[in-house]
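Asker: Handing you this structure, nothing more for now.
The values are calculated or read from the model by the stated rules, or taken from the named source; none is laboratory data. This is a predicted model, so every value here is computed, not measured. Note that each Cβ is placed from the backbone with ideal geometry, even for glycine, and that neighbours are counted across all protein chains shown. Remember, those area values only see protein heavy atoms, side chains included, never the ligands or the DNA or RNA. Shrake-Rupley method; radii C 1.70, N 1.55, O 1.52, S 1.80 Å.
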Amino acid sequence: MATMFWEASAGRVFVVRLATGSDLVREIEHLCAEQSVIAAEVSAIGAVRRARYAYYEQPAHRYRELESATHHEITGFVGNVSERDGRPFLHAHATFADSDGATVGGHLLPGIEVFAAEVVIRELLDVNLVRVHDEETGLALW
């Protein structure tokens with residue numbers, strides 16, 4: 001398959017402080033659904049009480065779920081929102097650092113408990129990003 005690209009326009013920008021104890025992934029998806037945001041760029045900084053993430057095993061076409069029950073700083077976060085199964089879906093990757101500076105990370109999963117998080121959601125307009133199953137990779141891609 002050839003590389004695909006779309007042109008989008010900038011829409012609204014939401015600057016959000018998530019509540020302590022909230023679920024990082026679910027809360028971002030909820031906010032997007034509440035504001036009718038179906039395409040966006042997302043970034044975040046802060047700290048979590050518990051991290052859940054996954055590593056995609058390419059040959060097996062499956063995610064290996066991982067978890068860290070210790071407190072971590074969010075040292076990197078990049079993601080987007082697009083439509084999957086008729087609703088906003090957050091696809092994000094992050095790195096988390098512990099008190100010794102050791103890092104873990106990967107594809108974010110629901111169940112990440114926020115300690116403090118500041119999130120920026122940049123809406124994308126004039127683009128229809130819908131995730132569908134890709135046979136070659138086994139992933140839901142645009």
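Asker: Quick check on this structure: which one of A54, A19, A44, A33 is over 20 Å from V130 (Cβ atoms), touching a Lys or Arg at 6+ places or on another chain (Cβ under 7 Å), of a type outside the set (D, E) and in contact (Cβ under 8 Å) with a residue 12 or more places away in the chain? Spell out the reasoning first.
Answerer: On the way: A19 fails: touching a Lys or Arg at 6+ places or on another chain (Cβ under 7 Å); A44 fails: touching a Lys or Arg at 6+ places or on another chain (Cβ under 7 Å); A33 fails: over 20 Å from V130 (Cβ atoms).
After ruling out the rest, the residue left standing is A54.
Asker: Taking segment 70-107, which residues are buried (at least 16 other Cβ atoms within 10 Å of the Cβ), closer than 24 Å to H30 by Cβ and among the hydrophobic types (A, V, I, L, M, F, W, C)?
Answerer: I74, F77, V81, F89, L90, A92, A94, F96
Asker: While we're on this one: Could you list all residues from segment 108-117 that are open to solvent by less than 20 Å² (accessible area, probe 1.4 Å) and in a strand (DSSP E or B)?
Answerer: Answer for segment 108-117, where residues must be open to solvent by less than 20 Å² (accessible area, probe 1.4 Å) and in a strand (DSSP E or B): L108, V114, A117.
Asker: Ok, one more. When you scan segment 21-33, do you find a residue that is surrounded by 15 or more Cβ atoms within 10 Å (Cβ to Cβ), of a type in the set (A, V, I, L, M, F, W, C) and in a strand (DSSP E or B), even just one?
Answerer: No: segment 21-33 contains no residue that is surrounded by 15 or more Cβ atoms within 10 Å (Cβ to Cβ), of a type in the set (A, V, I, L, M, F, W, C) and in a strand (DSSP E or B).
Asker: So which residues in segment 34-50 are among the hydrophobic types (A, V, I, L, M, F, W, C) and either assigned to a strand (DSSP E or B) or open to solvent by less than 40 Å² (accessible area, probe 1.4 Å) (or both), if there are any at all? Explain how you work it out, then say what you get.
Answerer: Applying the first criterion (among the hydrophobic types (A, V, I, L, M, F, W, C)) to segment 34-50 yields 37-40, 42, 44-45, 47-48.
If the condition is that a residue be among the hydrophobic types (A, V, I, L, M, F, W, C) and either assigned to a strand (DSSP E or B) or open to solvent by less than 40 Å² (accessible area, probe 1.4 Å) (or both), then V37, A39, A40, V42, A44, I45, A47, V48 are the ones that fit.
Asker: Would you check which residues across segment 59-69 are open to solvent by 50 Å² or more (accessible area, probe 1.4 Å) and either over 19 Å from D134 (Cα atoms) or in contact with a Ser or Thr (Cβ under 9 Å, 6 or more places away or on another chain) (or both) and list them?
Answerer: H61, E65, L66, E67, A69
Asker: Just the residues that are more than 13 Å from the chain's Cα centre (by Cα) and more than 16 Å from L109 (Cβ to Cβ), please, taken from segment 64-82. Talk me through it step by step, then tell me what you get.
Answerer: Restricting attention to segment 64-82, the residues satisfying the condition of being more than 13 Å from the chain's Cα centre (by Cα) are 64-73, 75.
Within segment 64-82, T70, H71, E73, T75 qualify.
Asker: Give the residues of segment 51-95 that are of a type in the set (G, A, S) and not in a strand (DSSP E or B), sorted by residue number. Outline the logic, then answer.
Answerer: Step one: filter segment 51-95 for residues of a type in the set (G, A, S), giving 51, 54, 60, 68-69, 76, 79, 82, 86, 92, 94.
A60, A69, G86, listed by residue number.
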